[in-house]
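All remarks here apply to the structure that follows.
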Amino acid sequence: MFTGLITHIGQVGNVKRQSDGLSLTVECPDSFMDDVQIGDSVAVSGACLTVTQMKGNQFTVDISRETIDCSTISKWLKGRKANLEKSLKASDSLGGHFVMGHVDGIAKLVKNEKAGEGSILTFETSEGIAGMIVPKGSVSIDGVSLTPASSEKTKFSIAIIPHTLANTTLADLSIGDEVNVEIDIFARYIFEFLKSTGNLPDVKESNLTIDELRKEGF
């Protein structure tokens, strides 16, 4: 589990294709590696991955087919920057929100507007994902904990403050770039509950709104 508060920015090293997935090496600042051990979970641009090897300021992770299918990782090339966060300790401050590192899908940047010293980024994604993003709720974009400013059928917007732009990879995004999206865990459980009661069709086809959730008692 993570908080969505990025502590370091790393860089993709070697990418090796395997029969059932990928092996990826990440180069990172020395300070990030201080207490990393083999077997630890690390969020790499939003995907929870397990450290399998370590050498100097690098760690290696294996990536399953499921993660490849749900995320942007298959398009990563050597030199690409990546947001890094170690897993949450019980004694840590929860300054962001509960991020599982389980990527739900991909969104594409379609608009980047200046807002003072910050920016408003608008993304386009599937109806299923956009339908679970609630204004003033929480969402993780490439591992960064953010608050949606608006949401509609297939789009949602995020207001980014200067500090976040300066300390994550979001400032490097260009129109058309794709990002990993993780829905807030509480929204996900609500949707699954409604599906189990027969009050909601498959999430990929859902047009559920916040008003409908309120009617159900949430």
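The values are calculated or read from the model by the stated rules, or taken from the named source; none is laboratory data. Note that the structure is a prediction, hence the values are computed from the model and not measured. Methodologically, a virtual Cβ is constructed for each residue, glycine included, from the backbone with ideal geometry; neighbour enumeration extends over all protein chains shown.
Among (1) among the charged types (D, E, K, R); (2) crowded, with 16+ Cβ neighbours inside 10 Å; (3) in the same structural domain as N14 (by TED's automatic domain parsing); (4) touching a residue at least 60 places away in the same chain (Cβ under 8 Å), there is one condition K78 misses while meeting the rest; what is its number?
K78 satisfies every listed condition except (2).
Say whether the condition of being closer than 16 Å to T169 by Cα, more than 15 Å from the chain's Cα centre (by Cα) and not assigned by TED's automatic domain parsing to the domain that holds A166 is met by at least one residue in region 82-95.
For region 82-95, residues closer than 16 Å to T169 by Cα, more than 15 Å from the chain's Cα centre (by Cα) and not assigned by TED's automatic domain parsing to the domain that holds A166: absent.
In this structure, does E66 turn out to be more than 16 Å from D142 (Cα to Cα), in the same structural domain as S19 (by TED's automatic domain parsing) and without any contact (Cβ under 8 Å) to a residue 24 or more places away in the chain?
Numbers: more than 16 Å from D142 (Cα to Cα): yes; in the same structural domain as S19 (by TED's automatic domain parsing): yes; without any contact (Cβ under 8 Å) to a residue 24 or more places away in the chain: yes.
When the stated conditions are applied, E66 passes them.
If we keep just the residues of region 1-26 that are of a type in the set (V, I, T) and either touching a Gly at 6+ places or on another chain (Cβ under 7 Å) or part of a loop (DSSP other than H, G, I, E, B) (or both), which is farthest from A82 (Cα to Cα)?
T3
For the list (1) in contact with a helix residue (DSSP H, G or I) (Cβ under 7 Å, 6 or more places away or on another chain); (2) modelled with pLDDT under 95, I need the number of the one condition that N83 fails.
All conditions pass for N83, except number (2).
Going by the conditions given, is G198 over 29 Å from V12 (Cα atoms), of a type outside the set (F, W, Y), assigned to a loop (DSSP other than H, G, I, E, B) and at pLDDT below 95? Even if it seems obvious, please write down each step before you answer.
Working: over 29 Å from V12 (Cα atoms): yes; of a type outside the set (F, W, Y): yes; assigned to a loop (DSSP other than H, G, I, E, B): yes; at pLDDT below 95: yes.
For G198, the condition - over 29 Å from V12 (Cα atoms), of a type outside the set (F, W, Y), assigned to a loop (DSSP other than H, G, I, E, B) and at pLDDT below 95 - is met.
Could you list, in sequence order, all residues of region 126-151 that are surrounded by fewer than 22 Cβ atoms within 10 Å (Cβ to Cβ) and either in contact with a His (Cβ under 7 Å, 6 or more places away or on another chain) or among the basic types (K, R) (or both)?
Within region 126-151, K136, S138 qualify.
Being surrounded by fewer than 17 Cβ atoms within 10 Å (Cβ to Cβ) and either at pLDDT below 95 or touching a helix residue (DSSP H, G or I) at 6+ places or on another chain (Cβ under 9 Å) (or both) narrows it down to one residue among F59, F123, F98; which is it? Full working, then the answer.
Details: F59 fails: surrounded by fewer than 17 Cβ atoms within 10 Å (Cβ to Cβ); F123 fails: surrounded by fewer than 17 Cβ atoms within 10 Å (Cβ to Cβ).
Answer to the check: F98.
When you scan region 128-191 for strands (runs of 3 or more DSSP E) that lie fully inside it, which ones turn up with 3 or more residues that are among the hydrophobic types (A, V, I, L, M, F, W, C) and touching a residue at least 24 places away in the same chain (Cβ under 8 Å)?
The qualifying strands (runs of 3 or more DSSP E) are 155-160, 178-183.
May I ask you to list the residues in region 28-54 that are assigned to a strand (DSSP E or B) and either of a type in the set (S, T, N, Q) or modelled with pLDDT under 95 (or both)? Step through it out loud before you land on a result.
Going through region 28-54, the residues assigned to a strand (DSSP E or B) turn out to be 41-44, 47-54.
Selection gives S41, T50, T52, Q53.
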